[in-house]
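Scroll down for the structure; my scribbles are underneath it.
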Amino acid sequence: RINFDNNQSLTGNAGNVNMNTGEQINARTSWPKGTTSAETQSLVEFFTSANASTGFHELAHPVLRVMTDAAQLENASDILLRDVETVFRNAGVSREDFYNGVGNARENAQEYFAKSFEAYLHKGKAPTKELQGAFDHIKNWLVEVYHNIKESLGIEQFAPLKSKCCCP
């Protein structure tokens with residue numbers, strides 16, 4: 001379980017216990033690999049069926065939430081608005097249905113985005129040409145966050161990693 005709260009803290013626990021109820025979870029391949037809850041914080045839980053890509057899939061959910069929340073702000077950039085509309089269009093969801101919670105619009109957009117984000121991270125290429133720009137913007141934002149953290153903490157990148165990393 002990884003918990004990102006509004007103070008940017010991170011906690012983790014391992015095991016196959018439901019962290020909300022304390023009940024033992026039996027490993028089943030039909031169960032989801034993880035889940036993200038995002039009421040007031042982003043909470044990612046990994047189930048026993050999680051695999052190497054589960055974290056990236058679950059990370060995509062709060063990324064889309066941040067994007068869609070920011071797109072509602074008065075000063076939202078044209079690029080962000082275009083990226084969010086691109087996600088909605090590719091997911092087959094209307095802006096109105098997403099923001100008004102009509103049917104499964106939010107869930108459909110979230111899952112489409114998360115699966116597409118996984119594919120982008122795996123191959124470096126988005127599943128559609130339209131999404132490539134949106135994911136490139138996210139990558140640039142993550143690299144900027146990485147550089148800001150590295151600079152604020154005074155951390156030098158580990159030399160062997162530097163040659164393999166997109167974040168010099």
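Please treat every number below as a calculation from the coordinates, not as lab data. Everything numeric here is computed off the predicted structure, so don't read it as measured data. Backbone-built Cβ (ideal geometry, glycine too); neighbour counts: all protein chains shown.
For segment 47-89, the list of GluC sites (Glu not before Pro) that fall in a loop by DSSP and count at most 15 other C-beta atoms within 10 angstrom reads Glu74.
Could you state, as a whole-number percent, how many of the C-alpha pairs of segment 46-136 are farther apart than 20 Å?
Values: 1360 of 4095 pairs.
Considering segment 46-136, 33 percent of its Cα-Cα pairs are separated by more than 20 Å.
To the nearest 0.05, how large is the calculated FRET efficiency for Asp69 and Lys123 if R₀ is 41 Å and r is the Cβ-Cβ distance? So, using R0 = 41 Å, E works out to roughly 0.90.
In plain terms, the chain from Asn51 to Tyr146 could stretch by 31.8 nm, reckoned as 0.36 nm per residue minus the Cα-Cα distance.
Just tell me which aspartates and glutamates come within less than 17 Å, Cα to Cα, of Lys129; anything on the same chain fewer than 8 places away is out. Excluding near neighbours in sequence, the set is Asp83, Glu85, Glu118.
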